[in-house]
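Here is the structure we will look at, set down as structure tokens.
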Amino acid sequence: MKLADRHCVHDAAALDDAAIRSLLPEVPDWRVESNVSGTCLAREFVFRDFHETMEFVNALAFMIHREDHHPILTVGYRRCTAAWTTHSAGNRLSDNDFICAARADALYAERAGA
């Protein structure tokens, strides 16, 4: 089953490095980032204008609420960056992060024609 067709689960387990490497090709525009807080899966989305950016952010917010897995969002005039991590997995990556990344990609493709 494709990542975008799956749904998040509560208490998702942290993925090991091999699992992360196997899932990354399914979300090729995303990157794994590490910092003092842990590891996240991040991507920047680019739009024509602020209105298009906000349409995407609102659609993304609906999906986020439904999946109950919340990213850090940074919103600007023509850009939105989403960064997911799983707090219950010790701020490491879980399947939930990859599921939401794939769902965000699908929303972006629908709205921005990416």
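Here are a few things to note about the model shown:
- Positions within the range 83-94 being surrounded by fewer than 19 Cβ atoms within 10 Å (Cβ to Cβ) and either free of Cβ contacts under 8 Å to residues at least 40 places away in the same chain or assigned to a helix (DSSP H, G or I) (or both), in sequence order: HIS87, SER88
- Search result, residues across the range 4-46 that are in contact with a strand residue (DSSP E or B) (Cβ under 7 Å, 6 or more places away or on another chain), within 14 Å of ASN96 (Cα to Cα) and not hydrophobic (A, V, I, L, M, F, W, C): THR39
- Residues satisfying the criterion are absent from the range 102-109 (criterion: within 17 Å of ALA13 (Cβ to Cβ) and either crowded, with 21+ Cβ neighbours inside 10 Å or in contact (Cβ under 8 Å) with a residue 40 or more places away in the chain (or both)).
- Of all residues in the range 80-104, those being of a type in the set (D, E, K, R) and in contact with a helix residue (DSSP H, G or I) (Cβ under 7 Å, 6 or more places away or on another chain) number 1.
- Number of positions in the range 26-82 that are in contact (Cβ under 8 Å) with a residue 24 or more places away in the chain and polar (S, T, N, Q): 4
- Residue within the range 31-42 that is polar (S, T, N, Q), within 22 Å of HIS10 (Cα to Cα) and more than 11 Å from the chain's Cα centre (by Cα) present: yes
This table checks each residue for (1) in a loop (DSSP other than H, G, I, E, B); (2) surrounded by 18 or more Cβ atoms within 10 Å (Cβ to Cβ); (3) over 14 Å from the mean Cα position of the chain (by Cα); (4) of a type outside the set (A, V, I, L, M).
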{"site": "ALA19", "(1), (2), (3), (4)": "no, no, yes, no"}
{"site": "SER22", "(1), (2), (3), (4)": "no, no, yes, yes"}
{"site": "PRO28", "(1), (2), (3), (4)": "yes, no, no, yes"}
{"site": "THR53", "(1), (2), (3), (4)": "no, yes, yes, yes"}
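- Residue count for the range 37-51 satisfying the condition of being assigned to a loop (DSSP other than H, G, I, E, B) and farther than 17 Å from THR86 by Cβ: 3.
No lab work stands behind these numbers, since they all come straight from the coordinates. Remember, it's a predicted structure, so these values are computed and weren't measured experimentally. Here Cβ is always computed from backbone atoms with ideal geometry, including for glycine, and neighbour counts include all displayed protein chains.
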